[in-house]
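Presented below is the structure to which this report refers.
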Amino acid sequence: MKTQTARLRRRDLPLTEMALALVLITVLARRWIAPTFQSPAVSHWATVFIAVCTQAMPFLVLGVSLSGLIAGYVRPATLARILPTRTSLAVPLAAIGGAVLPGCECSSVPVAARLAERGVAFPAALAFLLASPAINPVVLVATAVAFPHQPRFVAGRFVASVITATVVGWIWMRVGKTEWLNKELDRHQHDHDASSWSVATSTALHDFLQAGGYLVVGAATAATLQTAVPRTVLDRVAGSGPLAVLALGLLAVILSICSEADAFVATGFTQFSPTARLAFLVVGPMVDIKLIALQTGTFGRRFAQRFAPLTFVVAIAVSAVVGIGLR
């Protein structure tokens, strides 16, 4: 586990360095860049981009700080002791239990692995992995702020995410096979010499470097879609019914936005129906490119090849059903 985390950090550093270099170049060249922003299109892009980033950043910082404290001070065995031994009951309780442990999806993968190592039924650990980034208090508060005076989005996200996590856990309980898992899962090595505070700070830094970069990419993509893509195209896709739900679900997979920030990006897709935007909020914390990579490294390639498509299909179906109540 320590080796895997170090490998992830090394991959984060170039993204951070590029972001800092871009900021420095922008500051030094502001005299020549400023006239460009007089263009209505560029001005609109910058407004959307800055709005998404500034609104989401406080929640991102809060989320990674809490995930670091959890990694450093909360033992997975605490949850293992309160879950029932019967797997069919442990799955929904583990999904609901995700509400009490704030953290982004990056931290949910290693926490789920540690839960499985400590004796929690693997389907229950998977339900926790899916639910925790989507229904924890930080994410729900961020969703409420992003959609003011629209509590239906908060309720819809909570209900759809819990149902999706539970259904996926139950399906895996029936069809999942141990040979699909990485055989080294139960032999992760932990850094027993590191202090709790050291683990907390290093985890928070790792999550921030990773999630912060994806937030910038997501905000830029949302701004670009709103600015560069002709409104007629967005209107055509947005008005395509089921295709619109699938389109935003696939976009959530590609953007890989941190769950503390995705609601602010979803508010920019004003042409799309509430159901389509709900699918974006439900799919994102459960299936995206960075999550698939993390799951592959933790549980194995054969696991990820089956788990990610299953989760995506269930999340889209549940979002379509729950979304009926948002209309």
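The values are calculated or read from the model by the stated rules, or taken from the named source; none is laboratory data. What you see is a predicted model; the values in this text were computed from it and never measured. Here Cβ is always computed from backbone atoms with ideal geometry, including for glycine, and neighbour counts include all displayed protein chains.
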>> Please go through the range 264-290 and give me each residue that is crowded, with 24+ Cβ neighbours inside 10 Å, within 14 Å of Leu326 (Cβ to Cβ) and small (Gly, Ala, Ser), ordered by number.
In response: Ala266, Ala276, Ala279
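Leu115: at pLDDT 90 or above and either buried (at least 24 other Cβ atoms within 10 Å of the Cβ) or touching a Leu at 6+ places or on another chain (Cβ under 8 Å) (or both), yes or no?
Numbers: at pLDDT 90 or above: no; either buried (at least 24 other Cβ atoms within 10 Å of the Cβ) or touching a Leu at 6+ places or on another chain (Cβ under 8 Å) (or both): yes.
The answer is no for Leu115.
Every residue in the range 239-255 that is in contact with an Asp or Glu (Cβ under 9 Å, 6 or more places away or on another chain) and either among the small types (Gly, Ala, Ser) or without any contact (Cβ under 8 Å) to a residue 24 or more places away in the chain (or both), please. Step through it out loud before you land on a result.
The initial filter retains those residues of the range 239-255 that are in contact with an Asp or Glu (Cβ under 9 Å, 6 or more places away or on another chain), namely 252-255.
Answer for the range 239-255, where residues must be in contact with an Asp or Glu (Cβ under 9 Å, 6 or more places away or on another chain) and either among the small types (Gly, Ala, Ser) or without any contact (Cβ under 8 Å) to a residue 24 or more places away in the chain (or both): just Ala252.
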> What pairs come up if the first residue lies in the range 303-317 and is touching a residue at least 24 places away in the same chain (Cβ under 8 Å), the second is assigned to a helix (DSSP H, G or I) and of a type in the set (S, T, N, Q), and their beta carbons are under 8 Å apart, counting only those six or more places apart or on different chains?
Replying inline: Phe303/Gln295; Phe303/Thr296; Phe307/Gln295; Thr311/Thr164; Val314/Thr164; Ala315/Thr164
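The rows are residues; the columns are (1) among the β-branched types (Val, Ile, Thr); (2) modelled with pLDDT under 85; (3) within 25 Å of Ser88 (Cβ to Cβ).
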{"position": "Ala124", "(1), (2), (3)": "no, no, yes"}
{"position": "Thr143", "(1), (2), (3)": "yes, no, no"}
{"position": "Pro148", "(1), (2), (3)": "no, no, no"}
{"position": "Ser161", "(1), (2), (3)": "no, no, yes"}
{"position": "Trp172", "(1), (2), (3)": "no, no, yes"}
{"position": "Trp180", "(1), (2), (3)": "no, no, yes"}
{"position": "Asp186", "(1), (2), (3)": "no, yes, yes"}
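Would you say Asp207 is buried (at least 24 other Cβ atoms within 10 Å of the Cβ), among the acidic types (Asp, Glu), within 13 Å of Leu60 (Cα to Cα) and at pLDDT 85 or above? Let's see the steps before the verdict.
Details: buried (at least 24 other Cβ atoms within 10 Å of the Cβ): yes; among the acidic types (Asp, Glu): yes; within 13 Å of Leu60 (Cα to Cα): yes; at pLDDT 85 or above: no.
Here the answer is no, as Asp207 does not meet what is asked.
Quick one: which of Val313, Val321, Val253 is out of contact with any helix residue (DSSP H, G or I) (no Cβ under 9 Å at 6 or more places or on another chain) and surrounded by fewer than 22 Cβ atoms within 10 Å (Cβ to Cβ)? Can you show your working first?
Details: Val321 fails: out of contact with any helix residue (DSSP H, G or I) (no Cβ under 9 Å at 6 or more places or on another chain); Val253 fails: out of contact with any helix residue (DSSP H, G or I) (no Cβ under 9 Å at 6 or more places or on another chain).
Among Val313, Val321, Val253, only Val313 is out of contact with any helix residue (DSSP H, G or I) (no Cβ under 9 Å at 6 or more places or on another chain) and surrounded by fewer than 22 Cβ atoms within 10 Å (Cβ to Cβ).
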>> Restricting to the range 121-161, count the residues that are surrounded by 24 or more Cβ atoms within 10 Å (Cβ to Cβ), in contact with a Phe, Trp or Tyr (Cβ under 8 Å, 6 or more places away or on another chain) and closer than 25 Å to Thr178 by Cα.
In response: 1
>> Can you say whether Leu22 is at pLDDT below 65 and out of contact with any Pro (no Cβ under 9 Å at 6 or more places or on another chain), as far as the supplied structure shows?
In response: yes
> How many residues does the range 267-295 hold that are assigned to a loop (DSSP other than H, G, I, E, B) and of a type in the set (Val, Ile, Thr)?
Replying inline: 3
>> I'd like the full set of residues that are in contact (Cβ under 8 Å) with a residue 60 or more places away in the chain and more than 19 Å from Val253 (Cβ to Cβ), limited to the range 115-135.
In response: Ala116, Glu117
